[in-house]
Amino acid sequence: MQADTASPTREDERLDEPRLAAYLAEKVPHLQGKLKVEQFHGGHANLTYALTMGDDEFVLRRAPLGPVAPSSHDMRREFKGLSALAPVYPHSPRAIHLCEDEDIIGAVFFLMERRRGYVIRNDWPESLGDDPGLRRQISESLIDALADLHCVDTSLPGLAGLGKPKGFVERQVSGWFGRWEKAKTRDIPAMEELGAWLRARIPDSEQIAVLHNDFKLDNAMYAMEDPGRLVAVFDWDMVTVGDPLVDLGTLLGYWPDPGDTIPRGTGHAVSQLPGFLNRKALAERYAERTGFDLGNLAFYETFALFKTAVVIEQIYVRWVRGQTQDDRFKSMGALVPLLAQAAQEVTLRA
């Protein structure tokens, strides 16, 4: 767990601060004072900055440097989704301003409120002690936040227009396989086999909900004074309306159980510690809270692992092509075949 702290911006990811300050002074006039810019370094894709002007502090979000996959890293979508969710989902930060003029910092960006708390990433902090009860509380609040999102009324203003539920899963599978074809840096037969397996088993689901589309532990924030209480969910650039089990599958795809030997997500294994709910318990709690049928859950978990493999390959290829100098990306290529192997193991349960 680490506090919501920012630090100096990476040299290759610096913003044109004078131009940004002038823009904000004109377009968001209630923000006054000298602009200070720092960067949050925890994420692997979209660039996120901490901005301070006088007594005001907020967050700036933009897409990563270099070419990005179509429909991904969509700041317009994230701004629209956060604006629509604000009245009905308390875990979504409030959107403040959208800038579509790419000349200001080189990309579309938006501002949102800054929330304070802790983000759990790779390791359990010694300062919290060996506390299985707290770990259980953290995992329960996370799955409850997902279930609550999926219970939001999709007919409310601004939400229905976020996506097209009919044919959603089929489009997702086709789209992510296409992204794999464009991003892959080498042939991995298991990825081709998984793409075929998924396309042959598209579920006929009538369940519809607002989807975060990248729901996982390190996209959530917990209160500093009460580490088991979830206070925010971040990274809404793929928010949409569709089959809610895609979100549940995503969370399970990132969630290693005790005894798992193949990494999930980017390889962190904090959920394997005593106290965290395992994947089965998470699914059961979700089903109890939502009433959704989870009979075809193995499909969604397989798709989640496949999709995560594609995302990591998209990140890795940016390093291969010299589009980023972030050395964390150098070793990511080795995770892709491991995720494909994990997905193939899940198919055996289907």
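Laboratory data are not the source of any read-out in this text; all were calculated from the coordinates shown. The structure presented is a predicted model; accordingly, all values stated were derived computationally and were not measured. Cβ coordinates were reconstructed from backbone atoms using ideal geometry, including for glycine residues, and neighbour counts include every protein chain displayed.
State, as an integer percentage, the relative contact order of segment 96-234 based on alpha-carbon contacts under 8 Å between residues 6 or more apart.
Computed value for segment 96-234: 38 percent relative contact order.
Give the relative contact order (percent, whole number) for the chain; include only Cα pairs under 8 Å separated by 6+ residues.
Computed value for the chain: 18 percent relative contact order.
Quick check for me: using +1 on Lys/Arg Cβ and -1 on Asp/Glu Cβ, what's the dipole size of the chain about its Cα centre, in debye to the nearest 20?
520
Taking the number of other C-beta atoms within 10 Å as the exposure measure, put LYS184, LYS36, LYS307 in order starting with the fewest.
With the sparsest Cβ surroundings first, the list reads LYS36, LYS184, LYS307.
Between ASP101 and ARG321, what is the FRET efficiency for a Förster distance of 25 Å, r being their Cβ-Cβ separation, to the nearest 0.05?
0.40
Apply 1/(1 + (r/R0)^6) to the Cβ-Cβ distance of GLU284 and ALA223, taking R0 = 35 Å, and write down the FRET efficiency to the nearest 0.05.
Taking R0 as 35 Å, the efficiency between GLU284 and ALA223 is 0.85.
Provide the packing ranking of 226-232, 311-317, i.e. peptides ordered by the mean count of other C-beta atoms within 10 Å per residue, highest first.
By packing density, highest mean first, the sequence is 311-317, 226-232.
Farthest toward the dipole's positive end in the chain, which of ALA21, THR302, GLY249, given Cβ charges of +1 (Lys, Arg) and -1 (Asp, Glu) about the Cα centre?
Sorting the options by dipole projection puts first THR302.
How much length would be gained if the chain were fully extended between HIS30 and ALA334, taking 0.36 nm per residue of separation minus their Cα-Cα distance, in nm to one decimal?
104.7 nm
Going by amide H atoms built from the backbone, whose H comes under 5 Å of the H on VAL231, apart from near neighbours?
MET221, TYR222, ALA223
Would you work out the relative contact order for segment 2-113, in percent, from Cα pairs under 8 angstrom that are 6 or more residues apart?
Across segment 2-113, relative contact order equals 22 percent.
Classify the chain as rounded, prolate or oblate, taking a ≥ b ≥ c as the square roots of the eigenvalues of its Cα gyration tensor: rounded when a/c is under 1.5, otherwise prolate if a/b is larger than b/c and oblate if not.
rounded
What does the C-alpha gyration tensor say about the overall shape of segment 154-292? Classify as rounded when a/c is under 1.5, otherwise prolate if a/b is larger than b/c, or oblate.
Oblate.
In whole angstrom, how long is each semi-axis of the equivalent ellipsoid of segment 2-113, when you take the square root of 5 times every eigenvalue of its Cα gyration tensor and sort them from largest down?
19, 18, 16
Using the Cα centre of segment 139-257 as the reference point, and only Cβ charges (+1 on K/R, -1 on D/E), how large is the resulting charge dipole? Debye, rounded to the nearest 20.
Magnitude of the dipole: close to 620 debye.
Order these peptides, 154-165, 73-84, by their mean beta-carbon neighbour count within 10 angstrom, highest first.
73-84, 154-165
Would you tally the net charge around GLY242, using a Cβ to Cβ cut-off of less than 14 Å, leaving GLY242 out, and scoring K and R as +1, D and E as -1?
Net charge around GLY242: -1.
Fewest first, what order do SER7, SER139 take by the number of other Cβ atoms within 10 Å?
SER7, SER139
How much length is gained on full extension from GLU13 to ALA160, taking 0.36 nm per residue of separation minus their Cα-Cα distance?
Residue separation times 0.36 nm, minus the Cα-Cα distance, leaves 49.4 nm.
For the chain, what is the mean residue ellipticity at 222 nm derived from helices alone (per DSSP H run of n ≥ 4: -39500 (n - 2.57); sum divided by total residues; nearest 500 deg cm²/dmol)?
My calculation for the chain gives -11500 deg cm²/dmol from helical runs alone.
Taking a ≥ b ≥ c as the square roots of the Cα gyration tensor eigenvalues, with a/c under 1.5 meaning rounded and otherwise prolate when a/b beats b/c, else oblate, which class fits segment 222-350?
Prolate, since a/c reaches 1.5 and a/b exceeds b/c.
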